[in-house]
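Structure first, then comments.
The values are calculated or read from the model by the stated rules, or taken from the named source; none is laboratory data. Because the structure is a prediction, the values reported are computed rather than measured. Glycine also receives a Cβ, built like all others from the backbone with ideal geometry; neighbour counts cover every protein chain displayed.
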Ligand SMILES: Cc1cc2nc3c(=O)[nH]c(=O)nc-3n(C[C@H](O)[C@H](O)[C@H](O)COP(=O)(O)O)c2cc1C
């Protein structure tokens, strides 16, 4: 699939069909994560592939917006060693987005569950909850969890309505960008 088609088709899907995702597709999604850029190429990630229903269930209770993990075929937890560099959030977030795009290209759907800076419903830190559930060492911070599976809901690909030209400046903040030939605004 063309990259721009994948970019348009990537929509957050939170309801998944009860169909397993073949291991080779999971490996390709991980390959996409390992192809991410990282600061100084330090590659501080650790990915936890969770396909055990007994573990997916508690993860889906990590916080209110995680409930879709309950029916995901697989969840990939993005943990990053924060002792390796100070831009671990960016390193983890880019790897997560690479995985979401790879999932689309492979005919799968996904959604992002924010864990860092979020609360478990008990008021406990969601990150602490996930760390305890999966035995993640303290130096690793949990950025997010990507829930993946075959979709059980249809979402339209994004069209050009996403183009918010007022959020683009030209040479100086606030100076209107008139667009270019490519985007048909000249
Ligand atoms: C940093 C970040 C945090 C997000 N957190 C959650 C979340 O915790 N739960 C969830 O269901 N979706 C989450 N999302 C998905 C967004 O709600 C979604 O991307 C947005 O509504 C746009 O919809 P789309 O992905 O279909 O284009 C998150 C997305 C990002 C980038």
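Just a few scattered comments:
- Count of segment 63-75 residues which are in contact (Cβ under 8 Å) with a residue 24 or more places away in the chain and either within 9 Å of the ligand (Cβ to nearest atom) or part of a helix (DSSP H, G or I) (or both): 8
- Flag for residue 32 being closer than 29 Å to residue 163 by Cα and either without any contact (Cβ under 8 Å) to a residue 60 or more places away in the chain or crowded, with 18+ Cβ neighbours inside 10 Å (or both): yes
- Of the residues making up segment 111-129, those that are touching a strand residue (DSSP E or B) at 6+ places or on another chain (Cβ under 8 Å) and away from the ligand (no atom under 12 Å from the Cβ) are 125, 127.
- A single member of 124, 119, 167 is within 21 Å of the chain's Cα centre (by Cα), farther than 25 Å from residue 32 by Cα and surrounded by fewer than 17 Cβ atoms within 10 Å (Cβ to Cβ), and it is 119.
- Single residue of segment 1-11 satisfying the filter (away from the ligand (no atom under 11 Å from the Cβ) and in contact with a helix residue (DSSP H, G or I) (Cβ under 6 Å, 6 or more places away or on another chain)) that is modelled with the highest pLDDT: 6
- Some residue of segment 130-148 being modelled with pLDDT of 95 or more, surrounded by 12 or more Cβ atoms within 10 Å (Cβ to Cβ) and farther than 30 Å from residue 83 by Cα: no
- Test result for residue 14, within 16 Å of the ligand (Cβ to nearest atom), over 29 Å from residue 121 (Cβ atoms) and either in contact (Cβ under 8 Å) with a residue 60 or more places away in the chain or touching a helix residue (DSSP H, G or I) at 6+ places or on another chain (Cβ under 7 Å) (or both): no
- Some residue of segment 51-58 being within 14 Å of residue 111 (Cβ to Cβ) and either in a helix (DSSP H, G or I) or at pLDDT 95 or above (or both): yes
- Restricting 121, 110 to those that are in contact (Cβ under 8 Å) with a residue 60 or more places away in the chain, assigned to a loop (DSSP other than H, G, I, E, B) and more than 16 Å from residue 44 (Cβ to Cβ) reduces the list to 121.
- Top-ranked residue of segment 83-107 - restricted to ones that are more than 14 Å from the ligand (Cβ to nearest atom) and more than 15 Å from residue 140 (Cα to Cα), ranked as surrounded by the most Cβ atoms within 10 Å (Cβ to Cβ): 102
- Checklist (1) under 22 Å from residue 104 (Cβ atoms); (2) more than 16 Å from the ligand (Cβ to nearest atom); (3) not in a helix (DSSP H, G or I) applied to residue 30, failing item: (3)
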